[in-house]
Amino acid sequence: MSALSRRNSRRAALQALYQWDIGGRQRTVGSQFVTEFWQPQHSDFDRPYFEKLIAEIGQCFEELDVQLQVFVERKIAVIDPIERAILRIACYELCYKPAIPHKVILNEAIELAKTYGDPEGYKFINGVLDKLAHTVRAELLVGKNP
């Protein structure tokens, strides 16, 4: 799959997770979200990755929020829902998708924030994720003096 197909999957996952979160998380993130947010007109769309993102983030969002809270001065619950969804997607990928380079994850999150978030929200996203990446990705620390 191409980088564009993953980007399209993340964008659709952002939309699905945003709707799920603002809807009070009253229903399980599952097949109905796949149906609602999968866009067949996108020929370059990694549907299995999209399904994995929304299903797994929906199951472990509390764990992801705990990971993120360490690097955020306010409660995760008061963060803008778009930014919260972007942070959860990136946190999930940093923690559970080690084959994806951290720079790709951060760049994708920043681009989502620039497109869908507050005009200055990408700075907040970058700051939080950069700190998280240095904590969860040991390879970032290789070669650095303590």
>> Can you give me the long-range amide H partners of LYS97? Hydrogens built in the peptide plane at 1.01 Å from N, cutoff under 5 Å, separation of 5 or more residues or another chain.
In response: none
> Hey, got a sec? Which GluC sites (Glu not before Pro) in region 57-124 land in a DSSP loop and have at most 11 other Cβ atoms within 10 Å?
Replying inline: GLU73, GLU120
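Using 0.36 nm per residue, how much length does the chain from GLU120 to LYS52 gain when fully extended, once their Cα-Cα distance is taken away?
Working: separation 68, 0.36 × 68 = 24.48 nm, distance 2.92 nm.
Stretched fully, the GLU120-LYS52 segment lengthens by 21.6 nm.
Values quoted throughout were computed directly from the atomic coordinates according to the rules given, and no laboratory measurement underlies them. The structure displayed is predicted, hence computed values, not measured ones. Because the Cβ atoms are built from the backbone with ideal geometry, glycine has one as well, and the counts that use them run over all protein chains shown.
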